[in-house]
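Since the structure comes first, as C-alpha cells, the remarks are kept for the end.
The values are calculated or read from the model by the stated rules, or taken from the named source; none is laboratory data. Just so you know, these numbers come straight off a predicted model, no measurement behind them. We place every Cβ from the backbone using ideal geometry, glycine too, and count neighbours over all the protein chains shown. The accessibility values were calculated without ligands, DNA or RNA, using every heavy atom of the protein model including side chains. Shrake-Rupley method; radii C 1.70, N 1.55, O 1.52, S 1.80 Å.
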Number of protein chains: 2
Amino acid sequence: MTAIWVDGQAIATLPVQDRGLAYGDGLFETIRVQQGQMPLLSFHRQRLTEGCQRLRLAADIELIITELLGHARLLGEGVLKLIITRGDGLRGYAMPQAAMVRRIVQTAALPAYPAQNAEQGIALFDCQTRLARQPLLAGLKHLNRLEQVLARSEWDDPAYAEGLLCDEQGDVIEGVFSNLFIVQQGSLITPDLSQSGVAGVMRAALLQAAAQQGFAVQVATVSRAQLLAADEVFCCNSLYGVWPVRALCDRTWPVGPVTRKIQALAQGLMVGSCEA
Amino acid sequence: MTAIWVDGQAIATLPVQDRGLAYGDGLFETIRVQQGQMPLLSFHRQRLTEGCQRLRLAADIELIITELLGHARLLGEGVLKLIITRGDGLRGYAMPQAAMVRRIVQTAALPAYPAQNAEQGIALFDCQTRLARQPLLAGLKHLNRLEQVLARSEWDDPAYAEGLLCDEQGDVIEGVFSNLFIVQQGSLITPDLSQSGVAGVMRAALLQAAAQQGFAVQVATVSRAQLLAADEVFCCNSLYGVWPVRALCDRTWPVGPVTRKIQALAQGLMVGSCEA
C-alpha cells in the first residue's frame with residue numbers, strides 16, 4: 001500500500017504546471033526505512049543539499065527532514081521516495097523569481113529482490129546506451145532520467161539483475177540503478193562521477209566506512225579494460241546494500257573476500273541508528 | 001486564461017506517480033494557433049511521431065491530433081502546449097509493459113515579445129552552460145530540460161532576448177528556446193542536431209521552404225568562429241517566427257537581406273492553412 005503526501009498534505013496529485021513535469025526541474029531521493037529510522041539519512045541530506053545548491057532550488061531542507069522523520073516512523077519498514085520540484089511555472093525555462101519548491105513523498109514496500117543476488121552475485125547486462133558527459137548535472141539525483149529509462153529498456157531477461165553503463169568515451173560509470181566498485185589488489189576503486197552518473201548514497205557511505213576500516217579507496221576513471229581485469233566487482237545502492245558481480249559478457253568472477261567484507265559493512269550501515 | 005485537459009478531461013492535475021514527473025519520461029510540443037488553426041501542425045506531428053518511436057511511447061497520434069484540432073478551434077488565437085508522458089509507473093526505470101500514455105494539453109496566450117526583436121534584431125547572451133552530446137535524445141523535444149533551465153538562469157538582463165548554446169566541444173548548437181541559422185555568401189547553414197539540441201518545427205519548415213525558394217540550405221557543424229564570421233545570423237521558433245541577431249559579445253551585425261526574406265517566409269508559414 002502506498003501513501004502519498006504533497007507539501008505535507010495527504011493528496012496524490014499535483015498541478016499540471018509543475019516544473020518537475022515540464023522540465024524535470026527537480027531532484028529525488030529513495031530512502032530505505034528500517035524500524036522507523038533512516039540510517040543513511042545524513043548522506044541523503046548531504047546529496048539533497050548539494051543538489052539544491054547546484055540547481056538553485058530554495059528548498060527548506062530542515063522542513064523536509066522533519067517530515068521525512070515523521071513519515072519514516074509511521075512507515076516502519078520500506079522505502080520513502082522524496083521528490084522536490086521548482087513548483088509551478090509560467091511558460092518558459094526561466095526560474096520563477098518566487099518559485100515555491102514543491103515536496104512530494106511516497107511510501108512503498110522494499111523491492112522484493114531475489115536473495116541469490118546478494119548471496120551468489122549477479123550478471124550485468126552490457127548496455128549499449130552511453131551516458132552523456134554533463135558536469136553541471138553529474139552526480140545529482142535529478143529528474144532528467146531518460147538515459148536510465150532507455151538503458152533499462154535494453155533487456156528484460158531476469159537473468160540480468162542490473163545493467164552496466166559506460167560514458168560516451170567508453171569508460172565505466174555505474175549501473176542503471178546502482179553504483180559500481182572494482183577491487184584491484186585489495187584496493188577499492190569506484191568510477192569518478194564528475195562528468196556523468198548519480199553519486200549514490202550507499203557509494204558515499206561505503207567510501208567513508210571502507211576507508212575507516214583500513215581499505216585503500218579511490219575515486220578514479222575506470223576503463224572497461226580495468227573493469228574486466230579487476231579481481232572483484234560489486235555494485236551497491238541504498239536499498240539492497242551490495243551485490244557481488246559474477247558475470248559481464250563472457251567474463252566471470254567468483255564472489256571475492258573483499259566484496260564479502262564490504263557487503264557486511266553495507267549491512268551494518270543499513271541498520272544503524274538515525275544520524276540526521 | 002489557461003485551460004487544461006488531461007486525457008481529454010478538463011482537469012488540471014495529474015497523479016504523482018506519472019513517469020513524466022519521475023523521470024521526464026515524455027515529450028512536448030508548443031504549437032502556435034492562429035484563426036483556430038495550426039499552420040505548422042504537420043511538422044509538429046512529424047517530430048512527435050519520431051519522438052514516440054525513439055522513446056518507444058505507444059501514443060495514439062491520431063487521437064492526439066484530433067484533440068489538438070478541437071482545442072485549436074476553441075482557442076482561436078494563442079498557444080497550445082501538448083505534453084505526453086509514459087503514464088503512471090511502478091517503482092524503477094523499466095517501462096511498464098502496459099504503459100498508458102498520458103496526454104496533457106494547456107492553452108496560453110501568445111507570449112508578448114517586444115516588436116523590436118523582429119524589427120531591429122536581438123542581442124544573444126553568451127551562455128556558459130554547454131549542451132552534452134547524447135545522440136539517443138538529440139533533436140527530440142523531450143521532458144529532460146535541465147540544461148535549458150540552467151542556461152536560461154545565467155542572465156536576467158532583458159537586453160538579451162535569447163542565449164547562445166554551444167556543445168561541450170564549443171560548436172554552436174542553438175538558442176535556449178530557438179534554433180539558429182547563419183548566412184554565409186547567400187547560403188543558409190543551421191547546426192547539425194544529431195548529437196545535441198532540439199530540432200525545432202520552424203527550423204524544419206524553413207529548411208524546406210527556403211530550399212523551395214531557391215536558397216542553398218545546409219545542415220552542418222557550425223563552429224563558433226564560423227558563427228562570428230557569418231554575414232548574417234538569425235534565430236527562429238514556431239511562436240515568433242524569425243528574429244535577426246544583431247549582437248553577440250562584441251560582434252555586431254546589421255539586419256541582412258537574406259534574413260528579411262526568411263523572416264517573411266516564416267510569417268507566411270505561420271498563417272498558412274491547416275495541413276494536418
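Observations, loosely collected:
- Interface residues, the range B:21-40 - accessible area loss of 30 Å² or more versus chain alone, probe 1.4 Å: B:21, B:22, B:23
- Buried area at the A-B interface (accessible, heavy atoms, 1.4 Å probe, summed, Å²): 4600
- Dipole-positive endmost among B:179, B:12, B:198 within chain B (Cβ charges, Cα centre): B:12
- Acute angle (nearest 10 degrees) that the helix A:41-55 long axis makes with the longest principal axis of chain A, alpha-carbon atoms: 70
- Between residue B:231 and residue B:50, the FRET efficiency estimated from the beta carbon spacing at R0 = 35 angstrom works out to 0.60.
- Length-normalised contact order for chain B - Cα pairs under 8 Å, 6+ apart - percent: 21
- In sequence order, calculated HN-Hα J values of the range B:160-169 (Karplus, 6.51, -1.76, 1.60; Hz; x Gly/Pro): 9, 8, 8, x, 8, 10, 10, 8, 5, 8
- Residues of the range A:79-119 falling in the label zone of residue B:156, defined by backbone nitrogen less than 15 Å from a point 7 Å along Cα to beta-carbon, are A:90, A:93-100.
- Relative intensity, log₁₀ I(q)/I(0), of the range B:48-186 from a Debye sum that treats every alpha carbon as a point, q = 0.19 Å⁻¹: -1.26
- The residue among B:39, B:258, A:105 whose Cα reaches farthest toward the positive pole of the charge dipole of the protein assembly as shown, with charges on the beta-carbon of Lys, Arg, Asp and Glu, is A:105.
- Student exercise, the range B:4-108 dipole from Lys, Arg, Asp, Glu Cβ charges, in Debye to nearest 20: 220
- Peptide-level mean, for A:150-163, of C-beta atoms on other protein chains within 10 Å: 2
- The protein assembly as shown - convex hull of the alpha-carbon atoms, volume per residue in Å³: 150
- For the protein assembly as shown, a crude dipole built from +1 on the beta carbon of Lys and Arg and -1 on the beta carbon of Asp and Glu, taken about the Cα centre, is about 340 debye to the nearest 20.
- Pair residue A:208, residue B:220: separation of 7 Å Cα→Cβ label points (nm): 5.4
- Computed from backbone phi, the HN-Hα couplings of the range B:126-133 come to 8, 5, 7, 4, 9, 7, 5, 9 Hz, rounded to whole numbers (Karplus: 6.51 cos²θ - 1.76 cosθ + 1.60, θ = phi - 60°; Gly and Pro given as x).
- Over the range A:115-270, all Cα pairs binned in 5 Å intervals from 0 give whole-percent P(r) values of 2, 10, 21, 25, 22, 14, 6, 1, listed from short to long.
- Inter-part distance where the range A:145-174 and the range B:25-43 are each reduced to a Cα centre, Å: 34
- Less than 5 angstrom separates the built amide H of residue B:37 from none of the residues sequence-distant by 5 or more or on a different chain.
- Once exposed loop GluC sites (Glu not before Pro) are cut out (DSSP; at most 12 other Cβ, 10 Å), longest piece of chain A: A:78-274
- Taking amide hydrogens as placed 1.01 Å from N in the peptide plane, the amide H of residue A:166 sits under 5 Å from those of A:131, A:173, each at least 5 positions away in sequence or on another chain.
- Against the empirical 2.2 N^0.38 Å (N residues), chain B has a Cα radius of gyration ratio of 1.01.
- Residue by residue along A:138-145, Cβ atoms of other protein chains within 10 Å of the local Cβ number 4 on average.
- Centre-to-centre, using Cα atoms only, the range A:212-276 and the range A:46-109 are separated by 29 Å.
- Counting only the Cα atoms, the range B:4-108 fills a convex hull of 88 Å³ per residue.
- Signed unit charges on C-beta, dipole axis of chain A, positive-most listed residue A:238, A:142, A:159: A:142
- Only Lys, Arg (+1) and Asp, Glu (-1) charged, at Cβ; chain B dipole about Cα centre in debye: 440
- Note that the range A:232-244 has calculated 3J(HN,Hα) couplings of 9, 9, 8, 10, 8, 8, 7, 8, 9, x, 10, 10, x Hz, one per residue in order, obtained from phi through the Karplus relation 6.51 cos²θ - 1.76 cosθ + 1.60 (θ = phi - 60°); glycine and proline are x.
- Crossing angle, helix A:257-270 versus chain A [Cα axis fit, 0-90 degrees, rounded to tens]: 20
- Each Lys or Arg adds one and each Asp or Glu subtracts one; over the other residues with Cβ under 11 Å from the Cβ of residue A:190, this totals -1.
- Computed with a 1.4 Å probe over protein heavy atoms only, the accessible surface of chain A comes to 40 Å² per residue.
- Carbon plus sulfur fraction of accessible area for the protein assembly as shown, probe 1.4 Å, in percent: 52
- Counting DSSP beta bridges with both ends in the protein assembly as shown, the antiparallel % (nearest 5): 75
- Cα long-axis angle, helix A:201-212 against chain A (0 to 90 degrees, to the nearest 10): 50
- For the protein assembly as shown, the 222 nm mean residue ellipticity estimated from helices alone, with every DSSP H stretch of n ≥ 4 adding -39500 (n - 2.57) and the total spread over all residues, rounds to -8500 deg cm²/dmol.
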